[in-house]
Amino acid sequence: MEHIRTPKVEQVKLLDRFGSNKSVIGTLYLTATHLIYREVTTVNPKEIWIMHHHIAVVEKLPLTTVGCPLAIRCKDFRVIHFIIPRERDCHDIYNSLLKLSCPVKYDDLYAFAFHPKKTEYEREMGWKVINLTDEYSRMGIPNAIWQLTDVNRSYKICDTYPTHLYVPKSVSKPIIVGSSKFRSKGRFPTLSYFYQQKQAAICRCSQPLSGFSARCLEDEHMLQAISKANSNSHFMYVMDTRPKLNAMANRAAGKGYENEDNYSNIRFQFVGI
């Protein structure tokens, strides 16, 4: 990549500031995705791999008699200190890491810069590894209960949902649109998994924009329709994967969670992930 001016630096010292081990000598490699440090030893050389996106802070410290110190603080709480022999190499690594760890544009991400050595046909087939229509057909969808809706054609309702979405047959487009306006980023309840033997379904959605007291009749009708679509159960679990404290804090920002008093036959539960 254009940001990498010095891809390899030898005789780099790795400092152990917290353990009893002595400092080791190795080679520093800079790739499009990782910073790699490999010890120079013939017996079981250790390697350190750091993804550029895991780097939080890069510090180039004042020059010393043994070389130029470079401190890297990672988002996973790792702190690594290198001593690079030449200041010019240290400066190049420092500048490269600043640009690679904090890309300015999406186009600077490696996912967009990578060009695999594949034919045009092979690249097109990569987009067809997973076919949502086939996946739903495997689960027995569509059927007498669930139907395909084109409400998100051209991603008009939700740009983070696919265009092929399944909802209960009893809901109309106005209900779906109304529910999407009451959900964060327009992610209205839609089918994710269907178990044919028990006619049971798992649906997903985002948090409601309920605040402290707001409600939406369309969203209530949507959840009621999903509950009726699961005919073998007398109630429906609504699982919020957040800790309850986080969900309560979001109410102050106009979001929050479902009020059981406004939805019929639901049992609400926080998972606390």
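The values are calculated or read from the model by the stated rules, or taken from the named source; none is laboratory data. Keep in mind it's a predicted model, so treat the numbers as computed, not measured. Every residue, glycine among them, receives a Cβ derived from its backbone with ideal geometry; neighbour counts consider all protein chains shown. Heads up: the accessible areas ignore ligands, DNA and RNA and are worked out on the full protein's heavy atoms, side chains in. Shrake-Rupley method; radii C 1.70, N 1.55, O 1.52, S 1.80 Å.
Does segment 18-37 include one or more residues that are open to solvent by 70 Å² or more (accessible area, probe 1.4 Å), under 26 Å from TYR110 (Cα atoms), assigned to a loop (DSSP other than H, G, I, E, B) and in contact with a helix residue (DSSP H, G or I) (Cβ under 9 Å, 6 or more places away or on another chain)?
No, there is no match, as no residue in segment 18-37 is open to solvent by 70 Å² or more (accessible area, probe 1.4 Å), under 26 Å from TYR110 (Cα atoms), assigned to a loop (DSSP other than H, G, I, E, B) and in contact with a helix residue (DSSP H, G or I) (Cβ under 9 Å, 6 or more places away or on another chain).
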Q: Only one of these is closer than 16 Å to ILE83 by Cβ and in contact with a Ser or Thr (Cβ under 7 Å, 6 or more places away or on another chain): VAL40, VAL24. Name it.
A: VAL40
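Among the residues of segment 252-273, write down those that are outside any loop (DSSP other than H, G, I, E, B) and open to solvent by 70 Å² or more (accessible area, probe 1.4 Å). Talk me through it step by step, then tell me what you get.
First, pick out the residues of segment 252-273 that are outside any loop (DSSP other than H, G, I, E, B): 266-270.
Result: ARG267, GLN269.
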Q: Select from segment 58-107 the residues that are in a strand (DSSP E or B), open to solvent by 50 Å² or more (accessible area, probe 1.4 Å) and touching a Lys or Arg at 6+ places or on another chain (Cβ under 8 Å) and list them in ascending order.
A: GLU59, VAL79
Q. In segment 201-251, which residue that is among the acidic types (Asp, Glu) and part of a helix (DSSP H, G or I) is least open to solvent (accessible area, probe 1.4 Å)?
A. ASP219
Q) Can you name every residue in segment 111-167 that is within 15 Å of TYR193 (Cβ to Cβ), polar (S, T, N, Q) and within 23 Å of the chain's Cα centre (by Cα)? A) none
Q. Could you say whether any residue in segment 179-187 is among the hydrophobic types (A, V, I, L, M, F, W, C) and either over 19 Å from ASP261 (Cβ atoms) or assigned to a helix (DSSP H, G or I) (or both)?
A. no
